[in-house]
Amino acid sequence: MRKPPYSGRFILYDYFQVAGGAERVTVMLAEEFADYRVVISRCYPDFLHMSGEESIDAISLSSGVDRWFGRIAGAMLNFRFRTGFLRDAETVIYSGFYAPLAVKNQRTGQKIYYCHTPPRYLYDLRDVYLARASWFMRPMLKVFFGLVRREYELSLHQMDQIIANSHNVQGRLKNYLGLDSVVIYPPVDVKRFHWLGTGDYYLSLARLEPNKRVDVIIEAFRKMPDKRLVVASGGSENERLRQLANGVPNIHFTGWQTEAQLLDWIGNALAAIYVPVDEDFGMSPIEAMAAGKPVIGVAEGGLLETIVDGETGFLLPAPVSVSAMCAAVSRLSQGVALEMRDACEARAQMFSKEIFLGKMRDVISGSNKSKSEARLGAEDQL
């Protein structure tokens, strides 16, 4: 991790823990805007392994003491109290749930927030998370959720520009926080993904978390012993889902994979399966389509904006049932997958990093222009 000196332009993100979509957006922004410094609360070893990087050129705020408070509380403390260097910043791009708390320390310059989603455990999934906690933890969690929500909302109301990563997330920002935003889809480096062949397996890349519905996928393949499923990820439900698939030879768990391994798994798959609950946007389906692979998805959330039903895959009605999953897998044969290849690759091009970076440049230059005009207007009145 790099340490000071600091420049006047920054990209702030919560922490590098997994090589997910939000992390890839942060890294891609840093690669394009070379004069911006990346600031995170902490980088975890697993991220370096999964991303294929030996080191990440970022400023870590972690002092070691913050680790006593846990990942979330530590990040909140770091961004709130260890970002005084933002005081006279020229431009800051904020992202994540906790990095925006640092906006209170920025006194000048542009304040831009790229929102992957408002924290769902504070809004639409709040009751779900509380129900998972033991009864004696729930009162404390309610207090903690209230504190985080208050700080998050105060921070967002200080932003000059808010960008949503999908129309789905744009709706959440309006419904829950009353905030307007513009939509810029997150980038996929589509040139990295290639069709390598049509294998005999269906690929699940979703993190093993309750809201990703990987259990429905596993239950479906338990009923289809002639179909192969590869689950190439990890998460909090890893052990439970492995037990669910115990003794089922057609289901294979790989654990977290490196970038090179994922490119190989995607490139050789028959198709991908991705059916999360009201997904914010979902970069995995785009990555699969970039490799010419159709996707079995769900007709809700961001997937309505990416997958074209019947052309680049199939969208199942929500909530996803095991029977509907089985029918879609049977329908999406190797022959059908090959017929959809060209449409998938063309669709993925609409979400390329070039389009994303061009629109981000427009937002930054537009904000600069607006501030310059505002200063000129004020000077004219003197």
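The values are calculated or read from the model by the stated rules, or taken from the named source; none is laboratory data. As the structure is a prediction and not an experimental result, all values here were calculated from the model. Here the Cβ is made from the backbone with ideal geometry for all residues, glycine too, and neighbour counts use every protein chain on show. Areas reflect the complete protein model, heavy atoms only, side chains present, ligands, DNA and RNA absent. Shrake-Rupley method; radii C 1.70, N 1.55, O 1.52, S 1.80 Å.
Please tell me if TYR152 is open to solvent by 20 Å² or more (accessible area, probe 1.4 Å), touching a helix residue (DSSP H, G or I) at 6+ places or on another chain (Cβ under 9 Å), part of a helix (DSSP H, G or I) and closer than 22 Å to GLU23 by Cβ. Walk me through it before giving the result.
On the way: open to solvent by 20 Å² or more (accessible area, probe 1.4 Å): no; touching a helix residue (DSSP H, G or I) at 6+ places or on another chain (Cβ under 9 Å): yes; part of a helix (DSSP H, G or I): yes; closer than 22 Å to GLU23 by Cβ: yes.
Answer is no for this residue.
Could you tell me whether any residue of region 187-200 is open to solvent by less than 20 Å² (accessible area, probe 1.4 Å), of a type in the set (A, V, I, L, M) and modelled with pLDDT of 95 or more?
No; the residues of region 187-200 include none that is open to solvent by less than 20 Å² (accessible area, probe 1.4 Å), of a type in the set (A, V, I, L, M) and modelled with pLDDT of 95 or more.
Looking at region 320-327, is at least one residue closer than 18 Å to VAL169 by Cα, of a type in the set (A, V, I, L, M) and assigned to a loop (DSSP other than H, G, I, E, B)?
Checked against the condition, which is being closer than 18 Å to VAL169 by Cα, of a type in the set (A, V, I, L, M) and assigned to a loop (DSSP other than H, G, I, E, B), region 320-327 yields no hits at all.
Looking only at residues that are of a type in the set (A, V, I, L, M) and out of contact with any helix residue (DSSP H, G or I) (no Cβ under 8 Å at 6 or more places or on another chain) in region 345-360, which one is farthest from ILE112 (Cα to Cα)?
Residue satisfying both the conditions and the ranking: ALA346.
What's the total number of residues in region 78-110 that are closer than 16 Å to LEU154 by Cβ, open to solvent by 40 Å² or more (accessible area, probe 1.4 Å) and not in a loop (DSSP other than H, G, I, E, B)?
2
Can you give me the number of residues within region 270-316 that are part of a loop (DSSP other than H, G, I, E, B), under 19 Å from GLN170 (Cα atoms) and charged (D, E, K, R)?
Residues of region 270-316 that are part of a loop (DSSP other than H, G, I, E, B), as a first pass: 270, 274-283, 291-294, 299-300, 306-308, 310-312.
Then keep just the ones that are under 19 Å from GLN170 (Cα atoms); that gives 276-283, 299-300, 306-307.
If we keep only those that are charged (D, E, K, R) too, we end up with 278-280, 300.
Count: 4.
Going by the structure shown, is TRP68 open to solvent by 10 Å² or more (accessible area, probe 1.4 Å), more than 17 Å from ASP14 (Cβ to Cβ) and assigned to a helix (DSSP H, G or I)?
yes
Of (1) open to solvent by less than 10 Å² (accessible area, probe 1.4 Å); (2) farther than 25 Å from GLU339 by Cβ; (3) among the hydrophobic types (A, V, I, L, M, F, W, C); (4) in contact (Cβ under 8 Å) with a residue 40 or more places away in the chain, LEU241 satisfies all except one. Which?
So the condition that LEU241 fails would be (4).
Restricting to region 220-247, give me the number of residues that are charged (D, E, K, R) and in a loop (DSSP other than H, G, I, E, B). Quick ask: steps written out before the conclusion?
At the first step, the residues of region 220-247 found to be charged (D, E, K, R) are 222-223, 226-228, 237, 239-240, 242.
Filter once more, keeping what is in a loop (DSSP other than H, G, I, E, B): 223, 226-227, 237.
The qualifying residues number 4.
Looking only at region 334-351, count how many residues are free of Cβ contacts under 8 Å to residues at least 24 places away in the same chain and over 29 Å from PRO187 (Cβ atoms).
Of the residues in that region, 1 qualify.
For region 293-307, which residues satisfy the criterion of being surrounded by fewer than 24 Cβ atoms within 10 Å (Cβ to Cβ) and over 17 Å from the mean Cα position of the chain (by Cα)?
ALA299
So, in region 115-149, how many residues would count as being closer than 25 Å to PHE79 by Cα, open to solvent by less than 70 Å² (accessible area, probe 1.4 Å) and assigned to a helix (DSSP H, G or I)?
8
Considering (1) under 20 Å from GLU23 (Cβ atoms); (2) in a helix (DSSP H, G or I); (3) of a type in the set (Asp, Glu), say which one GLU345 fails and leave the rest.
(1)
When the residues of region 107-130 are narrowed to those that are without any contact (Cβ under 8 Å) to a residue 40 or more places away in the chain and among the aromatic types (Phe, Trp, Tyr), which ends up nearest to GLY366 (Cα to Cα)?
Among residues in region 107-130 that are without any contact (Cβ under 8 Å) to a residue 40 or more places away in the chain and among the aromatic types (Phe, Trp, Tyr), the one nearest to GLY366 (Cα to Cα) is TYR121.
Is it fair to say VAL231 is of a type in the set (A, V, I, L, M, F, W, C), in contact with a helix residue (DSSP H, G or I) (Cβ under 8 Å, 6 or more places away or on another chain) and within 17 Å of ALA324 (Cα to Cα)?
no
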